[in-house]
Amino acid sequence: MAVRLKDIALDLGVSVVTVSKALRGNPDIGEATRRRVLKRMRELDYQPNMMARGLASGRTHTVGLVVPDLVHPFFAEFAKSLSGVLRNSKRALILASSEEDPEIERQEIRTLLSRGVDVLLIASCQANLRNFYKLGDVRTPYLLFDRSFPHLAAHFVGSDDVQVGEIATRHLIDIGKKRIAHIGGKNTSPAFQRLRGYRNALEANSLPAPESVVVVCERTEESGDRVGYEAMRQLLQLSPRPDAVFCYNDLTALGAIEATLDAGLRVPQDIAFIGCGNLRYANYLRVPLSSIDHGTAELGRIAGEFALELSAKPEQEPRSVLVPPRLVARDSTVGASPSA
């Protein structure tokens, strides 16, 4: 049977209240008593009943996370880093996937709110999240990550995606490319902002950006490689064809490179490619992929600490935390040169 607070109290000859105070770190018991109680807890491998504590405190010690795709490398790495922070604070993480479907996302949010999560983290696929609180309990604090909504006053953790687009495009310009295309995402803030950064860099260098070289795609997260392949086939029909492509993420870049190689062209000599996300295995691909690293593990760590703050103090003014991106150059842009 599981060890209870009552068992420890009887064993030590103290009250259950004293044992509870030692566990919670209350200052109104003696230090010697606290040490004796905690030592016995360790010896008996006492595990707190989180459900009972939740009923008493009104908290469940859980954090909900809704992502567009659980198996996408970015969201998987983010969840792993987030979970590590929560684990250290004795919190549990409950994961849910929206499958990039707004209705599924609404269902998952309702389910997590009904479970009484202390904080909710969302990378939303909604076109508009202004009516978020119609989905459930208005008391649950929430934190947006990766995807923001300009007209919603909300806490946010993410990348500076305009800078992502600018750094990626400027790198392609710096290696001498002139006809730079973009395979972009659709209806999310990272997609809009990376496209804006791409256009900013072209304009700053007096390079053209005709609409024909921008291909906007859906489902770039879970089907990015297939989407990138088809988008690149479309770009290869242009005359003159692009000599470089900035891709929304690494998966779309992988598909686009495959389409280029299948067409008998060379990477990066004929067409250079850069993605975003710095996929863990990008250095071991058929053509090692240049990418913009937006600090996925750091985003997860910051989001975890932010969630713990919101759990303790839900009433905070909305604030945003942006992690600066950095360039990682590999063979898909610079041939066999060392990584930058």
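The values are calculated or read from the model by the stated rules, or taken from the named source; none is laboratory data. Small disclaimer: the values here were computed from a predicted structure and weren't measured. Here the Cβ is made from the backbone with ideal geometry for all residues, glycine too, and neighbour counts use every protein chain on show. Please note that ligands, DNA and RNA were not included when accessible areas were found on the heavy atoms of the full protein model with its side chains. Shrake-Rupley method; radii C 1.70, N 1.55, O 1.52, S 1.80 Å.
Using Cα pairs under 8 angstrom and six or more residues apart, how large is the relative contact order of the chain, in percent?
After rounding, I find 16 percent.
What net charge do the residues around VAL157 carry, taking every other residue with its C-beta under 15 Å from that of VAL157, with Lys and Arg at +1 and Asp and Glu at -1?
Its environment carries a net charge of -4.
List the lysines whose Cα sits under 17 Å from the Cα of LYS6, skipping any in the same chain fewer than 8 residues away.
Cα-Cα hits under 17 Å: LYS21, LYS39.
Could you work out the relative contact order of region 149-274? I mean the mean sequence separation of Cα pairs under 8 Å and 6+ apart, divided by the number of residues, in percent.
Normalised by residue count, the contact order of region 149-274 is 27 percent.
Taking the Cα centre of the chain as origin, work out the dipole magnitude from +1 charges on Lys and Arg Cβ and -1 charges on Asp and Glu Cβ, in debye rounded to 20.
1220
Please tell me which of these pairs span more than 30 angstrom C-alpha to C-alpha: LYS80/LYS177; LYS80/LYS186; LYS80/LYS313?
On the way: LYS80/LYS177 37 Å; LYS80/LYS186 26 Å; LYS80/LYS313 24 Å.
Going by Cα-Cα distance, LYS80/LYS177 fall outside the 30 Å limit.
Where does region 104-249 land on Rg/Rh, using Cα atoms and the Kirkwood Rh? Intermediate values should be presented prior to the final figure.
Numbers: Rg = 18.2 Å, Rh = 16.9 Å.
Taking Rg over the Kirkwood Rh, I get 1.08.
What value does the chain have for Rg/Rh, both radii from Cα atoms and Rh as Kirkwood defines it?
Reported Rg/Rh (Cα atoms, Kirkwood Rh): 1.11.
Starting from a Cα-only point model with no solvent, please compute log10 I(q)/I(0) by Debye for region 225-340 at q = 0.23 1/Å.
-1.21
Just need log10 I(q)/I(0) for region 142-223 at q = 0.13, 0.21, 0.24 Å⁻¹, Debye formula, equal scatterers on the alpha-carbon atoms, no solvent, rounded to two decimals.
Log10 of I(q)/I(0), two decimals: -0.45, -0.97, -1.14.
Rounded to whole Å, give me the distance from the Cα center of region 239-309 to that of region 178-207.
When both Cα centres are located, 15 Å separates them.
List every residue whose amide H lies under 5 Å from the amide H of CYS217, counting only residues 5 or more places away in sequence or on a different chain, with H placed 1.01 Å from N in the peptide plane.
Close amide H contacts, sequence-distant or interchain: GLY184, GLY185, LYS186.
Heavy-atom accessible area per residue, region 77-124, 1.4 Å probe: how many Å²?
Using a 1.4 Å probe on heavy atoms only, each residue of region 77-124 averages 45 Å².
Give me the percent of accessible area attributable to carbon and sulfur for the chain, probe 1.4 angstrom.
It is 50 percent, rounded to a whole number.
Check which residues have an amide H placed less than 5 Å from LEU236's amide H, if you skip close sequence neighbours.
none
Which whole-number percentage describes the relative contact order of region 139-191, with Cα contacts under 8 Å and a sequence gap of 6 or more? Could you put the intermediate results ahead of the total?
On the way: 31 pairs, mean separation 18.5, N = 53.
Relative contact order of region 139-191: 35 percent.
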